[in-house]
Amino acid sequence: MSETLENLLQETRQFPPPDALAANANVTAAAYDEAAADRLAFWAEQAGRLSWATPWETVLDWSNPPFAKWFVGGRLNVAYNCLDRHVEAGRGDKVAIHWEGEPGDTRTITYADLHRATCQAANALTDLGVTAGDRVAIYMPMIPEAAVAMLACARIGATHSVVFGGFSADALSGRIQDASAKVVITADGGYRRGKPSGLKAIVDEAVAQCPTIEHVLVVRRTGQDVAWSEKDLWWHDTVEQASAEHTAEAFDAEHPLFILYTSGTTAKPKGILHTTGGYLTQVSYTHNAVFDLKPDTDVYWCTADIGWVTGHSYIVYGPLSNGATQIMYEGTPDTPHKGRLWEIVEKYQATTVYTAPTLIRTMMKWGDDIPAKFDLSSLRLLGSVGEPINPEAWMWYREHIGRNNCPIVDTWWQTETGGIMISPLPGVTHTKPGSAMTALPGISADVVDDQGKSVPNGGGGYLVLREPWPSMLRTIWGDDQRFIDTYWSRFENMYFAGDGAKRDADGHVWLLGRVDDVMLVSGHNISTTEVESALVSHPSVAEAAVVGATDPTTGQAIVAFTIPRGNVDTEGEAGEALIAELRNHVAKTLGPIAKPRQIMLVPELPKTRSGKIMRRLLRDVAENRSLGDVTTLQDSAVMDLISSGLKTGK
Ligand code: 6R9
């Protein structure tokens, strides 16, 4: 980016926290002052939330940047912190997980149950020869055994590598090989969209390429027929027969806890490495602070998949370390009907929902009448993660799900950051629709220009982190140089997140999408996020994705792919009229420079499994190229739908 980003979007709405929530909030504004006065003392205090077998000697060793060591000398066991200590404190009968299978089967799992299952799995893995430091791949549907498998690895010091249950055999084998995993834990299948999907067959295909795999441990979920080899073991024949007695050994604070691969767009996926003490400290603190968790009364629900970092930090490690009661759902939001999520909220009286903008926009498309059919009055706090949330989607979430009295926490973070970094504090922050607002206490986020200088209020540039944080990635697995090159070389002494951002007149942070997605139109930098938000602010639009396509006169031109709301007529002339109206609407909202050259009405957008729009594929369409790598696409039929829709749309 040669110039700073244009600040186009103006948003003036602002919402204070509900009085009752503010009066009783876990974290108050004092936390910002405390952390500013002594950042390391602040994080040491948060580490004190956990149970340590050996206390640390030094909070942070930053003598060899960018390789950080947090809580040096300290020892602890992650599974002990998530399970044993709650059971020992007499909370064994408390529900940890209300699990809801897609076909409607349910399981209620207490902390004592989860502890028992984890001890059994730890013993079974040990019997299979897995020892501390070994890598274990986990390729599972959203069933409780997925969490048990992760916790069992953590308990014995094995490093887990969870791979999305939707990824291909190639993607799985590449990740297994990169980490030289010894064991894969999987299931015969899981339920999605009303059907059993097959997982074991994909594992078989992957394992054929992976000589390091010694055993495949298989949970029976669907009962479908599966091929069987001498490496295969049923979970019910091994784990469920194992002893439930297991003493958790403490590991070094910097012991590797997990590797999670981020799907690089073209290059080889990066194995992001997280360690033990700092990671658990930050996810535990942020889960308590950002969701204002009241463990005795809240029913918390994060709708993410366990194969995404959000599932690691805010289904498994954050909530369980805090003794939360949570909901876990196996399936898709429209099975068997489009109100399934709200039905689950009503059934379990959920207090907190943490989901992604893509889901909120899908719900907008399906219509306001769907959530209106359910009693959502138990909800008291809503969260968003994964992409910038468009102001109108934020307002819809607030009104139709939160009934105008739940704070919305828009949480910015990454696989690499491990935990939430920028977010409102629900009892403190006066939120603005579309802004993640402020770095959390103890986090030093900044927006800088090309030269790495902080931009003033009103300016735009790159999001960076100036100081190390406890749950930061420690390296890219097996590739320290790539770790340095990717994150620490763009600016001196700063972590480069790869996201564009602006700081508004009050100093609040607005995320503008990945820097690679910024468009350069007639010499102006325009963010895809802002044009998308302008489109979504039109009452006929549910969702939009914007890309810059090469243009002979303007350098790049704005091309928008737009999903109309359910009830909108898009046939023939009505469609043409809508397109003309939308182009003018963007010009009016943002200025003539941002008027799209072309708007296409489409039925779907290409997304990753975690719901991020794959603008790269849309750029291929806009520039009439054949499609690049589609292996991380959630639903491969979508690109056909778009191409066929284009024939009618424009
Ligand atoms: C947690 C997660 C990270 C990228 C990140 C950014 C985007 C995530 C966001 C957000 C704007 C938010 N992102 N949360 N953008 N506002 N609240 O999503 O991790 O899958 O590694 O993706 O997601 O672009 O850089 P990950």
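Straight-line cross-link reach from Lys502 at under 16 Å between alpha-carbon atoms covers these lysines, not counting any fewer than eight positions away in the same chain: Lys432, Lys453.
So which chymotrypsin sites (Phe, Trp or Tyr not before Pro) in the range 437-483 are both in a DSSP loop and have at most 10 other Cβ atoms within 10 Å of their Cβ? For chymotrypsin sites (Phe, Trp or Tyr not before Pro) across the range 437-483 that sit outside H, G, I, E and B with at most 10 neighbouring Cβ atoms in 10 Å, the list is empty.
Give the residue list of GluC sites (Glu not before Pro) in the range 562-616 that are DSSP loop and have at most 16 other beta-carbon atoms within 10 angstrom.
Listed in order of number, the matching sites are Glu571.
Each of Val568, Ile642, Thr550 was scored by the projection of its Cα onto the charge dipole of the range 522-647, and the greatest displacement toward the positive side belongs to Thr550; charges sit on the C-beta of Lys, Arg, Asp and Glu.
Shown for the chain: the carbon plus sulfur share of the solvent-accessible area, taken with all protein chains present and a 1.4 angstrom probe, equals 48%. The convex hull defined by the C-alpha atoms of the range 522-647 has an orientation-averaged projected area of 7.8 nm². Between the listed residues Asn77, Ala47, Val59, the Cα displaced farthest toward the positive end of the dipole of the range 14-79, a dipole computed from Cβ unit charges relative to the Cα centre, is found at Asn77. Comparing Pro357, Leu260, Gln282 along the charge dipole axis of the chain, the residue lying farthest to the positive side is Pro357, per the Cβ-charge model.
The eigenvalues of the Cα gyration tensor, multiplied by 5 and square-rooted, give the chain an equivalent ellipsoid with semi-axes of 37, 29, 25 Å from largest to smallest.
With bins 10 Å wide beginning at 0, the percent of Cα pairs of the range 113-249 falling in each bin runs 13, 48, 33, 6, 0.
Excluding same-chain neighbours fewer than eight residues apart, the lysines reachable from Lys338 by a Cα-Cα span under 24 Å are Lys195, Lys347, Lys365, Lys373, Lys607, Lys612. Annotation: lysines with alpha-carbon distance below 23 angstrom to Lys69 (same-chain offsets under eight excluded): Lys270.
Calculated accessible area for the chain comes out at 36 Å² per residue, all protein chains present (probe 1.4 Å; ligands, DNA, RNA ignored).
For the range 197-278, state which chymotrypsin sites (Phe, Trp or Tyr not before Pro) are in a DSSP loop and have at most 13 other beta carbons lying within 10 Å of their beta carbon. Sparse-neighbourhood loop chymotrypsin sites (Phe, Trp or Tyr not before Pro): Trp228. About the centre of its Cα atoms, the range 522-647 shows a dipole size close to 380 debye [charges on the beta carbon of Lys, Arg (+1) and Asp, Glu (-1) only; nearest 20 debye].
Magnitude of the charge dipole for the range 113-249, about its Cα centre and with charges confined to Cβ atoms of Lys, Arg (+1) and Asp, Glu (-1), is about 480 debye.
The values are calculated or read from the model by the stated rules, or taken from the named source; none is laboratory data. These figures come from a predicted structure and were not determined experimentally. Ideal geometry is used to build each Cβ from the backbone, glycine not excepted, and the neighbour counts take in all protein chains shown. Note: areas computed on protein heavy atoms with side chains; ligands, DNA, RNA excluded. Shrake-Rupley method; radii C 1.70, N 1.55, O 1.52, S 1.80 Å.
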